[in-house]
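Peer 1: Below is the structure I would like to discuss, written out as structure tokens.
The values are calculated or read from the model by the stated rules, or taken from the named source; none is laboratory data. Bear in mind that the values here come from a model prediction, so they are computed numbers and not experimental data. Note that each Cβ is placed from the backbone with ideal geometry, even for glycine, and that neighbours are counted across all protein chains shown.
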Amino acid sequence: MSEPVTVTAASSPQAPLIRVAGVTKRFGGVQALRGVNLEVMPGEVHALLGENGAGKSTLIKILSGVHAYDEGSIEIDGRNVAFATPAQSRDAGVAVVYQDLSLVESLSVGANLMLGREPRTRFGFVKQHQLMAEVGAFLQLHGIPLDPRVQVGSLPFAYRQMTEISKALMGDVRVLILDEPTSALTGGEEQILFDAIRAVTGRGVGVIYVTHRLNEVFRISQRVTVFRDGANAGQFSTAQTDMKELVAAIVGPGHAALHAREMTASSSGAMSNSSAASGREADAASSAPVLTLSGVGNDRLHAVDLAVHQSEIHGLAGLIGSGRTEILQTIFGLRSVDTGTIVIDGQSLTHLTPAQAIKCGIALVPEDRHLEGLVLDHSIERNLTLPRLPHFSRWGWLRGKAAVQQAKSAMKQLAVKAPNASTSVRFLSGGNQQKVVFAKWNNPRPKLLMLDEPTVGVDVGAREEIYDVVHDAARAGTGVLIVSSDLDELLRLCDRISIVVDGGIARTVERADLANAEALHHLIQLSRSSIESRHVTSFGASAT
């Protein structure tokens with residue numbers, strides 16, 4: 001293997017900017033990569049697809065200097081590289097934006113974007129005014145809606161994600177690797193990201209774009225490489241392939257039913273099994289509400305009125321910062337209720353806390369599963385018992401046997417792929433980690449299940465399994481309230497969708513009244529414009 005190098009030479013337009021040839025990687029007895037190949041041309045967006053565990057993350061970590069490869073070769077601008085540290089990778093012009101963000105939450109957006117390369121005086125002091133001016137000019141140039149002065153820790157998850165992406169875009173980049181960059185972004189924010197990507201590829205930067213949202217592949221990439229079980233499963237020109245061919249390459253032969261389901265959902269934006277759901281929808285329409293919000297307000301919400309019935313799947317759509325997540329947090333007791341009332345199954349709740357919410361049958365699958373949904377260093381069994389400790393305790397002692405049996409049952413029911421219940425959650429794929437978060441609330445089944453971006457970073461197969469879990473819960477009588485930036489996902493899952501604007505519910509529509517995701521996106525924009533117009537009118541009237 002060659003010595004680590006720093007690459008600065010310009011590449012030829014005809015030669016690949018980066019070439020991965022026959023790279024293998026083993027972790028003990030597990031072979032994560034089996035001679036994979038990948039080429040990215042200057043100015044190209046190259047999509048890298050595959051299920052969780054296919055080897056994408058391993059290759060990314062090799063390119064970023066986290067892992068060393070065992071066999072094969074990697075070239076950047078025609079020169080062999082073998083990065084021993086992430087610093088060497090960065091010096092070679094490789095920038096990576098991971099699903100797991102690497103921001104300093106106590107610092108501002110501007111400080112994070114310039115971390116390690118701040119403009120300084122001759123005495124070593126940071127030139128704060130110059131730093132903020134440079135970051136502000138960059139963000140304005142790319143139309144990125146971030147304030148460089150705001151502390152990162154105070155931002156919603158999606159804005160933190162945009163900060164991470166901006167940090168990579170600002171550097172002296174030759175190869176930009178984006179791992180699920182739009183996982184929490186809505187349509188408008190996606191377009192901002194795509195415009196920024198096109199700007200950097202216009203400078204000759206090569207982009208490796210990892211995503212589970214296959215529709216994005218056709219919007220942004222020129223070529224596609226698919227990994228399966230640590231090996232190449234196909235390479236395609238985006239212009240000459242289609243969704244069906246990509247899904248078949250990702251999941252492999254013998255999954256024709258999954259192919260059909262994914263294709264139907266992607267093309268129509270709605271579930272193909274409407275006949276199977278019709279009985280549940282009828283039950284939901286005739287049942288009493290399991291959740292009622294009447295005029296609920298706090299520091300982020302304004303007079304929210306909302307009802308979710310038993311067996312109903314109710315969606316919340318809106319832009320980043322609209323208040324979607326804050327509605328779930330308020331119902332779960334993470335935010336106070338200053339005005340209005342929350343009624344769960346006929347019981348009015350005041351001064352709600354998360355412990356009381358769980359006792360009343362409310363469950364929350366949060367947006368950031370690593371930070372808020374799991375204890376990564378704990379086992380599957382411990383994670384599953386945490387919210388139900390009283391149920392698994394006797395006289396203050398944990399009933400270990402009962403906890404293990406419950407964990408095994410939940411793993412089997414949700415098809416969690418792991419050696420056993422004592423496996424640390426940290427070592428599971430993204431899809432299996434999300435299944436563990438779901439499994440925490442599976443027994444006893446909650447009255448209200450709230451999901452915030454439930455399929456972020458989840459592959460095609462695991463996404464289908466999570467959808468099945470959601471529908472099973474609704475069929476069993478649970479009311480489901482779901483926030484998703486993926487409008488196709490909302491149309492596929494939900495019976496009704498409420499549009500959230502500026503901390504309030506602007507309108508609620510039946511799924512049957514929406515033809516496709518474009519129609520829902522248009523309705524979100526229309527609702528936003530209507531609210532903004534109302535604010536302007538009110539301001540003008542009061543000023544007069």
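Peer 1: Which condition number in (1) over 20 Å from Arg213 (Cα atoms); (2) modelled with pLDDT of 90 or more is the one that Val536 fails?
Peer 2: Tallying (1) over 20 Å from Arg213 (Cα atoms); (2) modelled with pLDDT of 90 or more, Val536 fails exactly one: (2).
Peer 1: Considering each of Ser166, Ser154 in turn, give the residue that is of a type in the set (Ser, Thr, Tyr), under 25 Å from Val456 (Cα atoms) and surrounded by fewer than 18 Cβ atoms within 10 Å (Cβ to Cβ).
Peer 2: Working: Ser166 fails: surrounded by fewer than 18 Cβ atoms within 10 Å (Cβ to Cβ).
Selected residue: Ser154, the only one of Ser166, Ser154 that is of a type in the set (Ser, Thr, Tyr), under 25 Å from Val456 (Cα atoms) and surrounded by fewer than 18 Cβ atoms within 10 Å (Cβ to Cβ).
Peer 1: Sticking with this structure for a sec: Given the conditions (1) at pLDDT 85 or above; (2) under 22 Å from Gly321 (Cα atoms), which single one is not true for Ala517?
Peer 2: Single failed check for Ala517: (1).
Peer 1: Please determine whether any residue of the stretch 434-441 is of a type in the set (Val, Ile, Thr) and assigned by TED's automatic domain parsing to the domain that holds Met411.
Peer 2: Yes, the stretch 434-441 contains at least one residue that is of a type in the set (Val, Ile, Thr) and assigned by TED's automatic domain parsing to the domain that holds Met411.
Peer 1: Turning to a different aspect of this structure: Do you know which residues across the stretch 78-117 are assigned to a loop (DSSP other than H, G, I, E, B) and surrounded by 16 or more Cβ atoms within 10 Å (Cβ to Cβ)?
Peer 2: Val81, Ala82, Phe83, Ala92, Gly93, Tyr98, Gln99, Leu101, Leu103, Met114
Peer 1: Within the stretch 463-475, work out how many residues are within 18 Å of Arg369 (Cα to Cα) and touching an Asp or Glu at 6+ places or on another chain (Cβ under 9 Å).
Peer 2: Selection size over the stretch 463-475: 2.
Peer 1: Continuing with the same structure: Which residues, taken from the stretch 15-40, are outside any strand (DSSP E or B), in contact (Cβ under 8 Å) with a residue 60 or more places away in the chain and surrounded by fewer than 18 Cβ atoms within 10 Å (Cβ to Cβ)?
Peer 2: Matches in the stretch 15-40: Ala15 only.
Peer 1: Can you tell me which residues in the stretch 348-374 are part of a loop (DSSP other than H, G, I, E, B) and of a type in the set (D, E, K, R)?
Peer 2: Glu367, Asp368
Peer 1: How about the stretch 353-374: which of its residues are surrounded by 16 or more Cβ atoms within 10 Å (Cβ to Cβ) and closer than 19 Å to Thr478 by Cβ? Working first, answer last.
Peer 2: First, the residues of the stretch 353-374 that are surrounded by 16 or more Cβ atoms within 10 Å (Cβ to Cβ): 357-358, 360-370, 373-374.
Listed by number, the residues that qualify are Ala357, Ile358, Cys360, Gly361, Ile362, Ala363, Leu364, Val365, Pro366, Gly373.
Peer 1: Among Leu178, Leu131, Leu193, Leu155, which is the only one that is of a type in the set (A, V, I, L, M) and in contact (Cβ under 8 Å) with a residue 60 or more places away in the chain?
Peer 2: After ruling out the rest, the residue left standing is Leu178.
Peer 1: Restricting attention to the stretch 418-462, which residues are over 17 Å from Glu372 (Cα atoms), in a loop (DSSP other than H, G, I, E, B) and modelled with pLDDT of 80 or more?
Peer 2: Ala418, Pro419, Asn420, Ala421, Ser422, Thr423, Arg445, Pro446, Lys447
Peer 1: How about the stretch 200-257: which of its residues are aromatic (Phe, Trp, Tyr) and either more than 22 Å from Pro42 (Cα to Cα) or buried (at least 17 other Cβ atoms within 10 Å of the Cβ) (or both)?
Peer 2: Tyr209, Phe227, Phe236
Peer 1: Same structure again: All but one of (1) assigned to a loop (DSSP other than H, G, I, E, B); (2) in contact with an Asp or Glu (Cβ under 6 Å, 6 or more places away or on another chain) hold for Gly124; state the number of the condition that does not hold.
Peer 2: Of (1) assigned to a loop (DSSP other than H, G, I, E, B); (2) in contact with an Asp or Glu (Cβ under 6 Å, 6 or more places away or on another chain), only one is false for Gly124: (2).
Residues are listed down the side, and each one gets a yes or a no for (1) over 23 Å from Ile177 (Cα atoms); (2) at pLDDT below 90; (3) not hydrophobic (A, V, I, L, M, F, W, C):
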site: Arg79; (1), (2), (3): no, no, yes
site: Phe83; (1), (2), (3): no, no, no
site: Ser89; (1), (2), (3): no, no, yes
site: Val97; (1), (2), (3): no, yes, no
site: Ser108; (1), (2), (3): yes, no, yes
site: Gly116; (1), (2), (3): no, yes, yes
site: Arg120; (1), (2), (3): yes, no, yes
site: Val126; (1), (2), (3): yes, no, no
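Peer 1: Tell me, please, whether a residue that is acidic (Asp, Glu), buried (at least 21 other Cβ atoms within 10 Å of the Cβ) and farther than 18 Å from Leu328 by Cα can be found in the stretch 448-460.
Peer 2: yes
Peer 1: Considering only residues of the stretch 295-325 that are acidic (Asp, Glu) and over 21 Å from Leu493 (Cα atoms), which is surrounded by the fewest Cβ atoms within 10 Å (Cβ to Cβ)? Step through it out loud before you land on a result.
Peer 2: The initial filter retains those residues of the stretch 295-325 that are acidic (Asp, Glu), namely 299, 305, 312.
Those left that are additionally over 21 Å from Leu493 (Cα atoms): 299, 305.
Values: Asp299: 10, Asp305: 14.
If we take residues in the stretch 295-325 being acidic (Asp, Glu) and over 21 Å from Leu493 (Cα atoms), then Asp299 is surrounded by the fewest Cβ atoms within 10 Å (Cβ to Cβ).
Peer 1: Working only within the stretch 463-481, note down all residues that are part of a strand (DSSP E or B) and of a type in the set (A, V, I, L, M).
Peer 2: Val480, Leu481
Peer 1: Looking at the stretch 499-509, is at least one residue charged (D, E, K, R) and outside the structural domain of Gly323 (by TED's automatic domain parsing)?
Peer 2: No, that holds for no residue.
Peer 1: Filter the stretch 326-349 for residues that are acidic (Asp, Glu) and closer than 17 Å to Gly503 by Cβ; which is surrounded by the fewest Cβ atoms within 10 Å (Cβ to Cβ)?
Peer 2: Ranking the qualifying residues of the stretch 326-349, first place goes to Asp338.
So that you can scan it fast, the table gives a plain yes or no per residue for (1) modelled with pLDDT of 90 or more; (2) assigned to a strand (DSSP E or B):
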| site | (1), (2) |
| --- | --- |
| Val290 | yes, yes |
| His314 | yes, yes |
| Gly321 | no, no |
| Val337 | yes, no |
| Gly340 | yes, yes |
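Peer 1: Taking the conditions exactly as written (on the phi < 0 side of the Ramachandran plot, touching a helix residue (DSSP H, G or I) at 6+ places or on another chain (Cβ under 7 Å) and at pLDDT below 90), does Pro13 satisfy them or not?
Peer 2: Here the answer is no, as Pro13 does not meet what is asked.
Peer 1: Which one is farthest from Asp172 (Cα to Cα), of the residues in the stretch 193-210 that are in a loop (DSSP other than H, G, I, E, B) and at pLDDT below 90?
Peer 2: Quick first cut of the stretch 193-210, residues in a loop (DSSP other than H, G, I, E, B) only: 202-205.
Filter once more, so that each one left must be at pLDDT below 90: 202-203.
On the way: Gly202: 14, Arg203: 11 Å.
Looking at the filtered set, the residue picked out is Gly202.
Peer 1: Can you find even one residue in the stretch 393-415 that is in the same structural domain as Gln329 (by TED's automatic domain parsing), within 30 Å of Ala249 (Cα to Cα), modelled with pLDDT of 80 or more and not in a strand (DSSP E or B)?
Peer 2: no
Okay, residues lined up against (1) touching an Asp or Glu at 6+ places or on another chain (Cβ under 6 Å); (2) not polar (S, T, N, Q):
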{"position": "Val97", "(1), (2)": "yes, yes"}
{"position": "Ser102", "(1), (2)": "no, no"}
{"position": "Val152", "(1), (2)": "yes, yes"}
{"position": "Met162", "(1), (2)": "no, yes"}
